[in-house]
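For reference, the structure is listed below as structure tokens.
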Amino acid sequence: MIAWLTAFLDGPAETFGEVVRFWQRVTGSGLSAYRGDRGQFATLVPPDGDSYLRVQLTETTEPANHLDLHVADIGRAGDRAVELGATISFREPGLTVATSPGGFPFCLVTHHGERFRSLPYGRPGSLVDQLCLDIPAERYDTEAAFWSELTGWAHRPGSRPEFGYLARPEELPLRILLQRTGDPADSPVRAHLDLACADREAEATRHQQLGASRLADGPHWITLADPAGRRYCVTARNPLTGRLARRA
């Protein structure tokens, strides 16, 4: 059983400090002490609720995201992931590092009792509440089946034909959205974060003032890039319920 989810913002040294400060301001979060053998990890500490966003300094040149699944029995969860098609690259007590069949990186980690979701930040309010897996269309069925089986959450159609989502328990901080993309079939599965917000235009403007770049406008979302070029979206969804607003 998945007891909690944590989304990671992974990035190179050149923009790491700027990115951490940007996401702190976007979410109203504090910052834990850095940890790890190279001081590469830190947690964004929300104004309320348990932490579910973390940052990681990487040796790659491009920013990315990965997902941690908090479980009670890492060994059993790792074995199940392999049965479903995952590849495991590293194991140690409390941590298993893996990739999905489509190449998306994730970790299985020990659950330490996290259970309280954060409330929206600021007024009129916004909340990072969704990780969207960007999946080449040819790989979608396999990847969706993997994540549904691994989590035990039903796969359901989304608000548009290109989307689906996993029906997570309401107490968990992140929904997993799945998006069919036009990427070549051999492209790895990527991910981006989504924020639900009461006023997406005002939210996008706030992010731009903090250092984001506006890239594109969609039917119910605005696509932005953080200071490292990492794409994410502010969406016309209620930040308390996560449901799509009737008016975009």
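The values are calculated or read from the model by the stated rules, or taken from the named source; none is laboratory data. Since the model is a prediction, treat every value here as computed from it, not as a measurement. Neighbour counts run over all protein chains shown; Cβ positions are idealised from the backbone, glycine included. Just the protein is used for accessible areas: all its heavy atoms, side chains included, with ligands, DNA and RNA removed. Shrake-Rupley method; radii C 1.70, N 1.55, O 1.52, S 1.80 Å.
The conditions of being surrounded by 19 or more Cβ atoms within 10 Å (Cβ to Cβ), of a type in the set (Val, Ile, Thr) and not in a helix (DSSP H, G or I) are not met by residue 97. Filtering segment 212-248 to residues that are more than 21 Å from residue 158 (Cα to Cα) and in contact with a Phe, Trp or Tyr (Cβ under 9 Å, 6 or more places away or on another chain) leaves 212, 224, 225, 226, 227, 228. Just so you know, in segment 214-248 the residues that are touching a residue at least 24 places away in the same chain (Cβ under 8 Å) and in a strand (DSSP E or B) include one that is most open to solvent (accessible area, probe 1.4 Å), and it is 231. Kindly check whether there is at least one residue in segment 154-172 that is exposed (fewer than 14 other Cβ atoms within 10 Å of the Cβ), within 28 Å of residue 15 (Cβ to Cβ), without any contact (Cβ under 8 Å) to a residue 12 or more places away in the chain and of a type in the set (Asp, Glu). Looking for residues that are exposed (fewer than 14 other Cβ atoms within 10 Å of the Cβ), within 28 Å of residue 15 (Cβ to Cβ), without any contact (Cβ under 8 Å) to a residue 12 or more places away in the chain and of a type in the set (Asp, Glu), one finds none in segment 154-172, hence no.
Among the residues making up segment 78-93, those that are touching a residue at least 40 places away in the same chain (Cβ under 8 Å) and assigned to a helix (DSSP H, G or I) are 80, 81.
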